[in-house]
Amino acid sequence: MKTYLKDFSMNRDALVGGGSELEELIDVRQERLKATAEYQEARAEAMEALCKLESLIPEQSKALGRLEDLFFVMECICFSAAYKDGMNDLMTAMTFNKLGFTKVEYFDLSRKGA
């Protein structure tokens, strides 16, 4: 897998645009997610429901095929948007920390009385 050693500064407009390094990273993460058992089970359930609909109304198989395509396209759009938002939040926090605007502190929850 490709690694990145660049500083993800908030000043880089191309960071979250199409064809950017972040888009490439999102694609890799999506492919990993698709390989998980949880994803495969959910996909199988969705496909089973669509197949059941198709058996009930076979004359609408083209429309149901289009629905299937749209369903999985929307899934990718949602994942990409959420990932970009999360990365932007992380980059903002890192930038603020570098500039000294914030100081991240962690509480030790393992201590008694904490």
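No lab work stands behind these numbers, since they all come straight from the coordinates. What you see is a predicted model, and the numbers here were worked out from it, not measured in a lab. Reconstructed Cβ throughout: ideal geometry from the backbone, glycine too, with neighbour counts over all protein chains shown.
Overview of values
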{"quantity": "In the stretch 35-69, the residues that are charged (D, E, K, R) and surrounded by 13 or more Cβ atoms within 10 Å (Cβ to Cβ)", "calculated": "43, 54, 68"}
{"quantity": "Residue in the stretch 16-36 that is in contact with a Lys or Arg (Cβ under 6 Å, 6 or more places away or on another chain), within 30 Å of residue 90 (Cα to Cα) and in a helix (DSSP H, G or I) present", "calculated": "yes"}
{"quantity": "Lone unmet requirement of (1) among the hydrophobic types (A, V, I, L, M, F, W, C); (2) surrounded by fewer than 12 Cβ atoms within 10 Å (Cβ to Cβ); (3) assigned to a helix (DSSP H, G or I) for residue 109", "calculated": "(3)"}
